[in-house]
Structure formats: structure tokens, C-alpha cells
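Inspection log for the structure reproduced underneath, given as C-alpha cells.
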Amino acid sequence: MGKYFGTDGFRGEANVNLTVEHAYKVGRYLGYYYGRNHEDGKANIVIGKDTRRSSYMFEYSLVAGLTASGADVFLMHVTPTPSVSYIVRLDEFDCGIMISASHNPFYDNGIKVINGQGFKLEAQVEAEIEDYIDGRIPEIPFAKREKIGRTVDYAMGRNRYIGYLMTLATRSYKNKRVGLDCANGASSTVAKAVFEALGAKTYVICNDPDGTNINAGCGSTHIERLQELVREKQLDIGFAYDGDADRCLAVDENGEVIDGDKILYACGCYLSERGELNNNTVVTTVMSNLGLYKALDKKGISYEKTAVGDKYVFENMMEHDHSLGGEQSGHIIFSKYATTGDGVLTSIKLMEVILEKKMKASELFRDLKIYPQLLENVRVKSKPDTKADPDVMAEVKKVEEALGSEGRILLRESGTEPVIRVMVEASTDELCRQYVDQVVNVIKQKGHEA
């Protein structure tokens, strides 16, 4: 990770550690960098944003920087991250920019840059942007006269993405009762339209963004509201998205949560049965549940584990030509259809499994036993120092030995916050609590807590 760019772009609190000056300079450098590939010096760059209040501010700053460097900028307005990735590839833009802090609260924001292939921006280019922000690259020239860039309304790009999603459904959703929690975010412009067009009786909550209510007690990080809706309205299934709609969690007809691991299991088994699971392998991160691996073993399905982050999942999928991968948090990638996690696409693919197998949502997981899991975040002064502390690691080793093959412990650094995450899986919730507390107490006793 760089100074500004982490595993998911440039993330920070708006006008604190992510400012309009940062956004302007990101735009300046991207316009210059991609403009060099064109004879006339004009790059073509598309921008989308989520619904948080500062997204408009950062959009204008990026546009100023891009057009000042001669780029033409196409605005998709409020739209999901995966729609930007889709349109970049479809319409051959030089790159795309998504303004979003995903599942974070409204006062945070982020700048995600997507290259011309629809992938997350190369680390080398991120490093160059950081050098420009910090003055280690000489000032780049301004465009003048007719070479100054223009700004174009490109809402049609979002509409084309909606149309694309509709083509992926294998059956009508007629007579299916579906709940949607749009997190007051980017899916509010897409999800309802897709499900209603496919024939579902659709019940929507948290679909009224006001700039400050994105992810606020709703969406995939607060799925309780969707559980209540599914139970109250006796729905067949519910889907919850995050702020930029690149992740999806679901709720079955009984109101039980279907997390990313369950989605990977259901879709992995379905694709394997149809001979469509490349290499008969599912790509996961180290945070996936032990129960998922044991269930996949029983089905004869292989799996790979990557570092946390859909970026790493996708890199593994591309390197080995795998077709399905994702995270427990709901970033699910179907590489045949997308280059990033896509919440609404994930909903459509899970609906396909339910409809084609003629099963209720809950019936898809009869052979999957999810182990109790507890994750605790500890804000620390230094992530590397905490992980290098011999006493902390000795306590982790002690827990590993106690759990044996019936559980595991994972200690990892957050990619976006000054946080160490302690995760334990065990046969009971009580054991999870006991072992997490053991490690967290040592971290605190050694003075690492911030």
C-alpha cells in the first residue's frame, strides 16, 4: 500500500485526510498520464459517484483537474462502482473514476480509479500520482485554448448497465417476492428498476438518499432492517447492498442471513454441477469460514485463499482463469460477466440458482455448517509493531494450538484504518469470545492500543 492509496483506492475523511486539493491533483495527473497516449493529448475519462454529500464536491474537483490537463470527462452521476467498470470496457474509455467510500459512514469518501480494462489501477500509476501530490514530480503543463477538456453528461452509461444486468437473468421473477435494501446509496438508481423489469414483486427500503444517510443503520453492514422486512412481508428473499453497490448480502425466506461465504457455496456448487466452474475452483480470502472449506471438500470442489480484498481475489482469478471468487463481506466476482464485485449482478446470479434448482433460498445451504466466528477490531498506534510483538504472536500461537483442526485464529492489519483485526472461529460462541479476549488483552497490556 502507498501513502494515500490503499487496497481500495484513496480513502479518508472528506476535507480531513482526503481533500479537494488531493482530488484536483489526482485529476490533473490522470488527465496528463492518459492524454500522452493520444495524438491530440485528450484522454477520455468517465466518472461515477455515490450519494454521500462530499461526492459532488470531489466530482467537481476531479473534473477541474482532468479538464485542466486536457481530458474530456463523461459524468455518469450517481451509479454503482461496477457500472463504471462495465462502461469503461464497453465504451473504451482510458480510465474510470468512482467517488465512494463504499460501506463507510457518509463523512468518509474515496477515489477509486479503474483502468481501461475495467481493473483497479496499477500500483505503479498510483505511486506516480502520490509522487505528484507530494511534489516529487515536476509540475505538469496546463491545457490551453481548444485543448482544454470538456464535460459531458453520460447518464446513458448507467442506463446501458441496467440493460446489461437484465440480459443476465435466465428466467422471469414473476410471482417472486423480493426485498431490497439499497443502503441509501448508489444502488438506489439501479436495483429496483432491474427487479421490477424482471417481474418480481419488489419491496424496497433505504432508497431515499439525502447525502448523510448512506449506510446509516441500513445496507449490507446493518442487515437487521432487511431481516425485519423479509419476515414482516413474508418474502422469498431479500438483498442488501453497500454504499457503492459492489457487494451484496442476502436474507432467506426465514429471515436468516446469507453472507458471502454462503453465496460462494451456493453459486460454486451450482456452477460445478453445470460444468461452468472453471478449474472446479472457488477463490476465497483468508477470512472465509472454516465451514465453507469443509463443505466444498465434501462436494469435491477446490478452493484458493488470498489476502483480504476483492482486488487480490480478482488478481488470483485472472492469473489462474477461475470464474468465481469473493469475500465473506459480499464482494462476489463472476469473471465471465464483470471485473469487480457487483452487488446487483450477485443478486441475479443467486436468483438463477434458486429458480433453476426450484428450491427455497434456505434449502441451498443444508450441507453447509458455518462455524461461529468472532471478529474484534483494535485501534492501535502501529499495525506493524503490534504484529511484530513476540508476546502477541506467542498468544496467537497458544490459541492456534488449543483450537487444532476445529477452529482457527487470524490476526491481520486493516487495509484502510489504523486497526488490527482479531478473528477466531471455534465450535461455540463462548470459545470464540474466550480466545479473542486472550489475544486482545495482550495487545492492550503491551501498550499497542491507540
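Numbers at a glance
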item	result
Residue count for the range 55-90, restricted to those that are β-branched (V, I, T) and in a loop (DSSP other than H, G, I, E, B)	1
Single condition I354 does not satisfy, out of (1) in a helix (DSSP H, G or I); (2) free of Cβ contacts under 8 Å to residues at least 40 places away in the same chain	(2)
Answer residue from the range 121-160, given it is over 18 Å from F93 (Cβ atoms) and of a type in the set (K, R) and is surrounded by the fewest Cβ atoms within 10 Å (Cβ to Cβ) among those	R145
Unique residue being in contact with a Phe, Trp or Tyr (Cβ under 9 Å, 6 or more places away or on another chain) and either in the same structural domain as G219 (by TED's automatic domain parsing) or charged (D, E, K, R) (or both) when the list is R89, R53	R53
Looking only at the range 66-112, and only at residues there that are within 15 Å of the chain's Cα centre (by Cα) and of a type in the set (S, T, N, Q), the one that is nearest to E21 (Cα to Cα)	N109
Which numbered condition L90 fails, given (1) under 16 Å from G243 (Cα atoms); (2) of a type in the set (A, V, I, L, M); (3) surrounded by fewer than 22 Cβ atoms within 10 Å (Cβ to Cβ)	(1)
Qualifying residue in the range 387-407 (condition: under 29 Å from G6 (Cα atoms) and polar (S, T, N, Q))	no
Qualifying positions in the range 287-325 - among the aromatic types (F, W, Y), free of Cβ contacts under 8 Å to residues at least 24 places away in the same chain and farther than 14 Å from K262 by Cβ	Y303
Test for I205: is it under 30 Å from F5 (Cβ atoms) and either surrounded by 15 or more Cβ atoms within 10 Å (Cβ to Cβ) or small (G, A, S) (or both)	no
Per-region count, the range 404-422, residues buried (at least 19 other Cβ atoms within 10 Å of the Cβ) and hydrophobic (A, V, I, L, M, F, W, C)	4
The range 1-36, residues that are polar (S, T, N, Q), over 21 Å from the mean Cα position of the chain (by Cα) and either at positive phi or outside any loop (DSSP other than H, G, I, E, B) (or both)	N15
Qualifying residue in the range 153-173 (condition: in a loop (DSSP other than H, G, I, E, B), more than 26 Å from L30 (Cα to Cα) and out of contact with any helix residue (DSSP H, G or I) (no Cβ under 7 Å at 6 or more places or on another chain))	yes
The lone exception for D246 - which of (1) of a type in the set (D, E); (2) at pLDDT below 95; (3) under 19 Å from D342 (Cβ atoms) it fails	(2)
The range 317-349: number of residues that are farther than 22 Å from N115 by Cβ and hydrophobic (A, V, I, L, M, F, W, C)	3
Among residues of the range 256-305, those that are within 16 Å of Q328 (Cα to Cα) and either touching a strand residue (DSSP E or B) at 6+ places or on another chain (Cβ under 9 Å) or among the small types (G, A, S) (or both), counted	29
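The values are calculated or read from the model by the stated rules, or taken from the named source; none is laboratory data. Computed from a prediction, not measured in an experiment: that's the story for all the values here. Note that each Cβ is placed from the backbone with ideal geometry, even for glycine, and that neighbours are counted across all protein chains shown.
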